[in-house]
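See structure below.
The values are calculated or read from the model by the stated rules, or taken from the named source; none is laboratory data. Owing to the predicted nature of the structure, the values given are computational and were not obtained by experimental measurement. All Cβ positions, glycine included, derive from the backbone under ideal geometry; neighbour counts span all protein chains shown. The accessibility values were calculated without ligands, DNA or RNA, using every heavy atom of the protein model including side chains. Shrake-Rupley method; radii C 1.70, N 1.55, O 1.52, S 1.80 Å.
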Amino acid sequence: MNMTLIGTTLAALLTIAVYSFLYKDNPFYKFAEHLVVGVSAGYYLVIYYYNFIDPTVVSPVFRLRIGGDAILLGGVDWWMALIPGLLGLILYARFFPKIGWVSRWALGIYVGGYSGLGIAPVMQARVLDQIRGGALPVHALHTGQGWTNLLLVVGLLGTLTYFFFSLKHKGVLGGLARIGIVFIMVGFGASFGYTVMSRVSLLIGRMNFLLHDWLRIV
Amino acid sequence: MRALLPALSLSVSVLLALFPPAGRAADAPLSEVVRETAAPAAVTGLQARDYLDNNDRGDKIELSWCLSADDGAGALSVLEYRVWRSQAPDEQGELVATLEPGTAAHVDTGVTPGVAYYYRVEAFDGALSSPAATAGPAVGRINLFQTSRLPVLVLSLAFFAMVIWFTRLAARGTNLFVRRIPGLNAVEEAVGRATEMGRPVLYVPGIGEIDDIQTIASLTILSHVAKIAAEYETPLIVPTARSVVMSAAEEVVKEAYAEAGHPDNYNPDNIRYLSDAQFAFAGAVSGIMMRERPAANLYLGAFWAESLLFAETGFETKAIQVAGTANVSQLPFFVTACDYTLLGEELYAASAYLSREPKLLGGLKGSDWMKVITICIIVAGVVLTALGVPQFGRWFFTQ
Amino acid sequence: MRRHVPLALCFIAGVFMAIQYFIPHPSVQAWYERLLAWLQTLLAFAFLIGTVSLVRLHAHKIGHKVAGRGYSWVLFVGLGLMVGFGFKGRAPGSPFDFMFQNVQVPIEGTMFSLLAFYIASAAFRAFRARTLEATLLLLAATIVMLGRVPVGDLLHRSIPAATDWILNVPNMASKRGIMIGVGLGMMATALKIMLGIERAWMGGTD
Amino acid sequence: MNRLGKFLQIDRRWIFLAILIAVLAPFIWPMGLPIVITKPVQDLYNAVDAIPPNGEPLFISIDYSPSTVPELDPMALAILRHAFSKDIRVAVLTLDPAGYGLAERALEAVAAEFGKERHKDYVFLGFQPGISAVVLGMGINIRNVFPEDAYGTPLSEVPMMEGIRNYDQIPLLITLSGTAVVEAWVIYAHQPYDAQIGAGVTAVMATDYYPFLDTGQLVGMLGGMRGAAEYETLIDRHDAGVRGMDSQSVIHILIIVLIVVGNIAYFGSRKRAPETAGGDAAA
């Protein structure tokens, strides 16, 4: 038995253990479930450490002292690498009730920074560019494209109206919202179909593994 | 006075960005074109100007020109264009780029900000060069404001002003109108129905963490549901997938029972932590549905793939089901398997409607009126395009 | 110190990161670059908090002899093996990679494929065209499901075309509306966090 | 309860069995149904095809985890094969820690297939945490966020990365993802830096991104296993994507039949016995 075969067999047995949940919840499934939580946590830990924390925090701080060739974050000095490292460590104060509040200092920078970062690009990508894409010429109704554009504009306005909560949905507003919900439901239908395809693909993938990679019948 | 100058130049550049003067290339002074026997025709209309990019460090100058008459057509085929840069008008300078035929623009990167440069562009046919077209001086400037992004700034500020304004109005106690979400009626009917049948109500607040805004919205609605259940003296079962959510749900339900005047009916055993693992949680909740037969199942909060399992088992036990989540990919399953579904933002609207909390109302009303602005801009865009006014499109084309 | 400093830091970091988008000046961009790197480091450390919480949770289960604590041991064995192997080497073919490819990949991949079965059973027993909305949804879903598999092309040539139309017209119009609405919600939340109106991230009440 | 109502109550494990048969049968008797190419896939293919050989590299970000491997792995393999067969250089990175092992495996396998040389024809940059920070950081300078490749070689010593500074020198970046990472690339790379972004996504996400395709915020998109199958057809190298499409056909038909039969039985049983809707459930 070579390592590949052992590996594939292990993977196949674990696959079957997970599928046993279809019959009912059982110890094999629970075993696989807990094993994967542990293994993936360990995997992430190692990947985070060796890909990020070691080269950007640990090494620059320790290596430079022996005059080594540290890789610097955006060309900043080594003490600049210390600051984020210290802030990162502060986050762990939360595990010590007495000084837990200190972790909020780092958390404040983190939460605020990421919030601020998103604002303008989100406005650009999700609002402005969608307005640009949505304001289509609808005057050429003698062409197919003209009608398509009209549908796109009406569908967009209808959807926006449906999610408008400051006025009762009556009259024109109610009509637009009704049109909106029709578009929303057809859109959800498309999502539904695609989601089915997605889940089925995963099943096919696992069956391909069992039959093709493990048993080699196909 | 000093502050005036930058402000003035800012507004001029804003105007220029919004309505660029037409035909800039055409009114540029043409370089002298001398046709030699074997050299290709020179390029015309060479322009050099500061490049406004997305991350302006003043180190780029943008060039544009009209192709040589011998590029593609004409007697002599142009093989390449050569671009020279110098710091004096009469110098040849250094070759900064050779470009393929058909190229009529170039961005020269790596210039020093604030230094004046002169450019020469020649068409080359493999043996001879055309007379050079010249342009300059051009200076790469470090800008304090990126004018192409003005629309983003204007709309963001307008939106934020509305959110803050509505939040303050709500905090001062002004009654801000939010229409009642039909889904809330469905929730109340479902609880009533369970009471009639003498069976419990099941409320699943999703599997999100406590800091997920969907979970927070769900706990607001849970408080409302718990009050009704307490009044009707109907048991309320709340399974959770996060221990922190469980403690929060305990507080909410206990308080609601007290407010409804039935603190003794509160049963802590009905607020349960089942499992953090997605499928184990789904399996355990399905078990509750099969064993305890709740007549009303309410799924409100952050749901992922487990939505399908809940909705199916609930449908099988013939419970009335009301669902609501902002995780759009799960909505199709809820819509087809539940009696009523709160779609996306309706979940937040329902919680703002019930709690009347200023921060929720402010965000909701601000977004609402921003949607009105959005609709107006789209309609204006459609009308203006129909009337043949192209400026509109340019305004939004900020890239 | 406990409330005002973090709120102030949150506000300053947020406002700076928001307005740097409009200011291309190098002095601003240099600080932006620096802060971006800090945020990245903070995120890496924040991620590892999750692992610490996981370990504490299961250590608690074992310590308090909770039923099913045997599975917590399974979890620790998995975690310990990965960290131990990872320390020794991570190249393809190493024990670390072996565990990843033959334990993590198959189990995680299989978990979600269970849903194919559940969708089928729900299709039979729960997906009902009881309302106009649900009927529309199911009709569109049927067309799309046929139009995206080769057999749909064979059944009728108009099915793939109808699928494309659904995706590019009604689907796009409604998804664009939802995209705008959700985007505004994201921005409003970001604003409220920066201004300290929304402070769930601070946790606790002190 | 009438007969139709009882029919609806069959043990769902029978349905599970039907699905199992439907997925297995086409593996044993393949049908080889033809696959038609759709526009978003063709667009992405053309964008990759237009990259000059041995020049600026195509970037592929493997942003998926094992739970979506069957949909996204075939895409990664097909795009890598397309690129290497045209001598297009490739740089691979990942924003998902679990993507590390998946990316490494796919890249090394296809590179070996085409006899490509590390650091000359391809490079694996590894994983960096902090999605938006990494995407934005690459807009300033790739070396800020990826100072070295996954094996510790500084990028300055990687020949193919010479002169590759930020998105200006990246002709196309393709993200393969089952999460909202795709959107992060659109919002933080396309929007501020004008980067050209293509995507391969799970089918669950695909419908949500049509507005991005329409506005050009995404140059092209592969949606789910079907997208992978189309790409495999375009490069004329059939693999797991195409192989899966027969099963996909059979199961889709089965699920549609289940929905139709289920609804007929449901409404049929309700017509005859309208009281059963909620009354006898406790029995």
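Some points to look at:
- Condition broken by C:Phe127, with the remaining ones in (1) open to solvent by less than 10 Å² (accessible area, probe 1.4 Å); (2) at the interface with another protein chain (Cβ under 7 Å from one of its Cβ atoms); (3) part of a helix (DSSP H, G or I) satisfied: (3)
To keep it simple, each residue is scored yes or no on (1) open to solvent by 10 Å² or more (accessible area, probe 1.4 Å); (2) touching a residue at least 12 places away in the same chain (Cβ under 8 Å); (3) acidic (Asp, Glu).
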residue: B:Tyr257; (1), (2), (3): yes, yes, no
residue: B:His262; (1), (2), (3): yes, yes, no
residue: B:Asp269; (1), (2), (3): yes, no, yes
residue: B:Gly287; (1), (2), (3): yes, no, no
residue: B:Glu292; (1), (2), (3): yes, yes, yes
residue: B:Ala305; (1), (2), (3): no, yes, no
residue: B:Gly314; (1), (2), (3): no, yes, no
residue: B:Leu331; (1), (2), (3): no, yes, no
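- D:Gly130 meets the conditions (1) under 18 Å from the mean Cα position of the chain (by Cα); (2) open to solvent by less than 30 Å² (accessible area, probe 1.4 Å) in every case but one. The failed one is (1).
- Single condition A:Leu91 does not satisfy, out of (1) open to solvent by less than 10 Å² (accessible area, probe 1.4 Å); (2) facing another protein chain (nearest Cβ under 7 Å); (3) closer than 28 Å to D:Phe212 by Cβ: (3)
- Considered as a group, the residues in segment B:320-329 that are open to solvent by less than 10 Å² (accessible area, probe 1.4 Å) and of a type outside the set (Val, Ile, Thr) include one that is nearest to the other protein chains (Cβ to nearest Cβ), and that residue is B:Gln321.
- Set C:Val144, C:Val169, C:Val151, C:Val105: member being surrounded by fewer than 23 Cβ atoms within 10 Å (Cβ to Cβ), within 8 Å of chain A (Cβ to nearest Cβ) and hydrophobic (A, V, I, L, M, F, W, C): C:Val169
- Identity of the residue in segment D:218-257, farther than 19 Å from A:Ile204 by Cα and not charged (D, E, K, R), that ends up nearest to the other protein chains (Cβ to nearest Cβ): D:Val257
- Within segment C:128-164, being without any contact (Cβ under 8 Å) to a residue 12 or more places away in the chain and more than 26 Å from D:Gly32 (Cα to Cα) holds for C:Arg128, C:Ala129, C:Arg130, C:Thr131, C:Leu132, C:Glu133, C:Ala134, C:Thr135, C:Leu136, C:Leu137, C:Leu138, C:Leu139.
One line per residue, one yes/no per condition, for (1) modelled with pLDDT of 95 or more; (2) over 16 Å from B:Gln321 (Cβ atoms):
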site: B:Gln146; (1), (2): no, yes
site: B:Pro151; (1), (2): no, yes
site: B:Trp165; (1), (2): yes, yes
site: B:Gly173; (1), (2): no, yes
site: B:Glu188; (1), (2): no, no
site: B:Val204; (1), (2): yes, no
site: B:Glu209; (1), (2): no, yes
site: B:Thr215; (1), (2): no, yes
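- Single residue of segment D:192-224 satisfying the filter (of a type in the set (A, V, I, L, M) and outside any helix (DSSP H, G or I)) that is most open to solvent (accessible area, probe 1.4 Å): D:Val219
- Unique match (being surrounded by fewer than 16 Cβ atoms within 10 Å (Cβ to Cβ), of a type in the set (A, V, I, L, M) and part of a helix (DSSP H, G or I)) among A:Leu14, A:Leu10, A:Leu5: A:Leu5
- When B:Gly192, B:Gly208 are checked against the criterion of being part of a loop (DSSP other than H, G, I, E, B) and assigned by TED's automatic domain parsing to the domain that holds B:Val322, a single residue qualifies: B:Gly208.
- Single match in D:Val23, D:Val48 (criterion: more than 14 Å from chain A (Cβ to nearest Cβ), β-branched (Val, Ile, Thr) and on the phi < 0 side of the Ramachandran plot): D:Val48
- Residue satisfying condition, being in the same structural domain as D:Pro192 (by TED's automatic domain parsing), touching a residue at least 40 places away in the same chain (Cβ under 8 Å), surrounded by fewer than 23 Cβ atoms within 10 Å (Cβ to Cβ) and farther than 14 Å from D:Thr175 by Cβ, within set D:Lys120, D:Lys86, D:Lys116: D:Lys120
- Enumeration of residues in segment D:1-28 that are at pLDDT 85 or above and among the aromatic types (Phe, Trp, Tyr): D:Trp14, D:Phe16, D:Phe27
- Wholly enclosed helices (runs of 4 or more DSSP H) of segment A:125-218 bearing at least 2 residues away from chain D (no Cβ under 14 Å) and open to solvent by less than 10 Å² (accessible area, probe 1.4 Å): A:144-162, A:171-208
- Within the set D:Ile15, D:Ile37, the sole residue that is assigned to a loop (DSSP other than H, G, I, E, B), aliphatic (A, V, I, L, M) and either buried (at least 18 other Cβ atoms within 10 Å of the Cβ) or touching a residue at least 60 places away in the same chain (Cβ under 8 Å) (or both) turns out to be D:Ile37.
- The single condition from (1) touching a Ser or Thr at 6+ places or on another chain (Cβ under 7 Å); (2) crowded, with 22+ Cβ neighbours inside 10 Å; (3) under 20 Å from A:Gly189 (Cα atoms); (4) facing another protein chain (nearest Cβ under 7 Å) that C:Ala190 fails is (3).
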